[in-house]
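The values are calculated or read from the model by the stated rules, or taken from the named source; none is laboratory data. It should be emphasised that the depicted structure is a prediction, and the values quoted were computed from it without experimental measurement. Cβ sites come from the backbone with ideal geometry, for glycine too, and all protein chains shown count toward neighbours.
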Amino acid sequence: MITFQGVTKMYEQGVVALRNVSFHLEKGGFAFLTGPSGAGKTTVLKLIYREERPSEGSVEVAGRDTCRLAVSQVQRLRRRMGIVFQDGRLIDSRDVFENVTFVLRAQGLALRARKERALNVLRQVGLSHRMRSLPRQLSGGEQQRVAIARAVAADPDLLLADEPTGNLDREMSVEIMEIFRRIHGRGTTILIATHDPFLLRKYRRRVLHLEDGCLTDKGVEKMAAGGDAP
Amino acid sequence: MSLRLLRMMVSDGLLALLRGRGLTAAALLIITLTFSVSALALLAAGNLAATVELNGRPGVFRVYFGEEAPDSEAVELARRLRHRDGIASVTVVRAGQARDDFLAAFPEMSAGVDLLVDNPFPPHLEVTVADAVASARRRELRAALGDEEGVVAVLGDDLWTRRLLELARLIRRAGLAAGLAFALAATLVVAGVTRLSLATRRDEIAVMWVVGAPRAFISGPFVVEGVVLGAGGALLAWAASWGVFRGASMLAEEHPLLGFLALAPLPASSVLFLVSCSVVAGTAGALLTVHQAARAH
């Protein structure tokens, strides 16, 4: 599903975010992308949904080299992805229901289909009773669940999540991870960027560990350290 | 583009205009004011031309012959002209009659005229055009008289008519040119409004891009906003010109002295011109800004 081949990403003023990163995540796979803040986790995700282009190397998603895609093709590819942002990126002026249906609308779904899907995913994340609340009226955990509902509403092939439990307590983190686990059970490929060791221990999955923009073996060590299997 | 996408674009565009109603009203006002200048110029030109056509039609042409031309030539032309369409009457005015007519009109000049050895007043024809003949046909007739054999000059009482018609043409051209120039101004106004609208909905648009919304879905509502602002401004300008027309009509009805005015609202072709200019301007303004914004993504 995702193939990084010798990817280096250099930002302006010579800041190197990634150095020669290569990995492959198969279709239906589930992996954690770990590393300290500033290690390049968000850059990896941005390269996958083509918000950024690699300075060197190639990024393939669903068999397509993302660098060679026209704008319309990038948008088509993004419609097959669900993205949960670190800051949620909910639209403050729209209520929970509209935040979810908004994405489905942008993807061209008819009104009835939009309503059905939105209700369904909000039920899955346990927020069907907060449909008419504005984001600011929700707790951090609830906002994150709305972001997840929005990301999975269109039933994507690939789900990317950037620190989805970053600001949540342990109980809420587990709740969120359980939602991801259920989505993965339907065959969705999932890549979660996190630096929460608790999640890595609890959910023993493949770990891609970044240090200073490089993939290292420490991830394998962490996985070997074990934890509660899901 | 699917009908559903088009519907979404239109409803989103209209909703955005409604949400930013203060900005929408300000933009509409500016576009209306600019296009009103053009609309009023076109209205004035049309009405001036119509009034001149109604009041300023020359009724009599005087046809003069060369000095060597025999009287028989004038008589022969008079005979032919009497059978021509649109001519009510033709009178042959001989030299003596011309002199007498002049002295009857200007008796205080008789002493001066008596001093002259030769009669300076040439013989000529007085051609009276039928009332029903339109101005354009009168001009053709005048030109045709000038082309007759032996004729050296055709004088008519239409000098001011021609000047006023030329003035009306100039005002009309100025109105059209203003319409085009104001279209440029409207483009800039709509571009500014779109820029503000983009800034207001920046977060929403950023989310749309990352969730893979089609480009048309993202930019479409802004284009709809531009089209609505442009067309709305032009239609309001047309409404303003109609108001002026109604006001002038009422005034003319109340004051008999103004009864000579031939008043009509802005013709459909002018309305179409204004609306086309403004729609193109609105679309261009929105596309220009949206295109710049899209490049950032």
Here's a check for you: in the range B:2-40, which residue that is crowded, with 19+ Cβ neighbours inside 10 Å and of a type in the set (Gly, Ala, Ser) is nearest to B:PRO267 (Cα to Cα)? B:ALA39
Quick check on this structure: which one of A:ILE183, A:ILE190, A:ILE176 is closer than 21 Å to A:LYS46 by Cβ and of a type in the set (Val, Ile, Thr)? A:ILE190
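Looking at B:ALA177, B:ALA191, B:ALA181, B:ALA199 in this structure, which one is surrounded by 17 or more Cβ atoms within 10 Å (Cβ to Cβ), at pLDDT 85 or above and either in a helix (DSSP H, G or I) or among the polar types (S, T, N, Q) (or both)?
Values: B:ALA177 fails: surrounded by 17 or more Cβ atoms within 10 Å (Cβ to Cβ); B:ALA181 fails: surrounded by 17 or more Cβ atoms within 10 Å (Cβ to Cβ); B:ALA199 fails: surrounded by 17 or more Cβ atoms within 10 Å (Cβ to Cβ).
That would be B:ALA191, the only listed residue that is surrounded by 17 or more Cβ atoms within 10 Å (Cβ to Cβ), at pLDDT 85 or above and either in a helix (DSSP H, G or I) or among the polar types (S, T, N, Q) (or both).
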Which condition does A:ALA110 not pass, out of (1) surrounded by fewer than 21 Cβ atoms within 10 Å (Cβ to Cβ); (2) within 27 Å of A:LYS46 (Cα to Cα); (3) facing chain B (nearest Cβ under 9 Å), if it passes all the others? (2)
Pairs returned, first residue in the range B:60-89 that is closer than 22 Å to B:ALA130 by Cβ, second residue that is in a helix (DSSP H, G or I), beta-carbon separation under 7 angstrom, 6 or more apart or interchain, are B:PHE61/B:ARG142; B:PHE61/B:LEU145; B:VAL63/B:LEU145; B:GLY86/B:ARG137; B:GLY86/B:LEU141; B:ILE87/B:LEU81
Residue list for the range A:52-87, filter: within 10 Å of chain B (Cβ to nearest Cβ), over 25 Å from A:SER22 (Cβ atoms) and within 13 Å of the chain's Cα centre (by Cα): A:PHE85
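Being over 14 Å from the mean Cα position of the chain (by Cα) and surrounded by fewer than 24 Cβ atoms within 10 Å (Cβ to Cβ) is the filter here, so list the residues in the range A:31-47 that pass it. Before you say what the answer is, go through the steps one by one.
Pass one, the range A:31-47, residues over 14 Å from the mean Cα position of the chain (by Cα): A:35-40.
If the condition is that a residue be over 14 Å from the mean Cα position of the chain (by Cα) and surrounded by fewer than 24 Cβ atoms within 10 Å (Cβ to Cβ), then A:PRO36, A:SER37, A:GLY38, A:ALA39 are the ones that fit.
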Check off (1) surrounded by 13 or more Cβ atoms within 10 Å (Cβ to Cβ); (2) within 19 Å of the chain's Cα centre (by Cα); (3) free of Cβ contacts under 8 Å to residues at least 60 places away in the same chain for A:HIS24 and give me the number that stays unchecked. (1)
Which pairs have Cβ atoms under 6 Å, sit 6 or more apart or on different chains, and link a residue in the range B:269-297 that is assigned by TED's automatic domain parsing to the domain that holds B:THR32 to one that is at pLDDT 85 or above and of a type in the set (Lys, Arg)? B:THR289/B:ARG195
Given (1) surrounded by fewer than 19 Cβ atoms within 10 Å (Cβ to Cβ); (2) out of contact with any helix residue (DSSP H, G or I) (no Cβ under 7 Å at 6 or more places or on another chain), identify the lone condition not met by A:VAL71. (2)
Residue in the range B:26-33 that is more than 30 Å from B:LEU263 (Cβ to Cβ) and either outside any strand (DSSP E or B) or in contact with a helix residue (DSSP H, G or I) (Cβ under 6 Å, 6 or more places away or on another chain) (or both) present: yes
Going through the range B:75-113 in order, the residues found to be among the polar types (S, T, N, Q) and farther than 30 Å from B:GLU140 by Cα are B:SER110
For the condition away from chain A (no Cβ under 14 Å), in contact (Cβ under 8 Å) with a residue 60 or more places away in the chain, out of contact with any Pro (no Cβ under 9 Å at 6 or more places or on another chain) and in a helix (DSSP H, G or I), what is the one hit in B:GLY243, B:GLY232, B:GLY259? B:GLY232
Residues that are buried (at least 20 other Cβ atoms within 10 Å of the Cβ) and more than 8 Å from every other protein chain (Cβ to nearest Cβ), drawn from the range A:96-106: A:VAL96, A:PHE97, A:ASN99, A:VAL100, A:THR101, A:LEU104
Does the range B:204-214 contain any residue that is more than 14 Å from every other protein chain (Cβ to nearest Cβ) and either exposed (fewer than 15 other Cβ atoms within 10 Å of the Cβ) or of a type outside the set (D, E, K, R) (or both)? no
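Restricting to the range A:128-149, count the residues that are under 19 Å from A:PHE180 (Cα atoms) and of a type in the set (A, V, I, L, M, F, W, C). If you could, list the steps in order and put the result at the bottom.
To start, the set of residues in the range A:128-149 that are under 19 Å from A:PHE180 (Cα atoms) comprises A:128, A:140-149.
Now drop any that are not of a type in the set (A, V, I, L, M, F, W, C), which leaves A:146-149.
Total meeting the criteria: 4.
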(1) in contact with a strand residue (DSSP E or B) (Cβ under 7 Å, 6 or more places away or on another chain); (2) aromatic (Phe, Trp, Tyr); (3) more than 9 Å from every other protein chain (Cβ to nearest Cβ): which one isn't true of A:TYR49, the others all being true? (3)
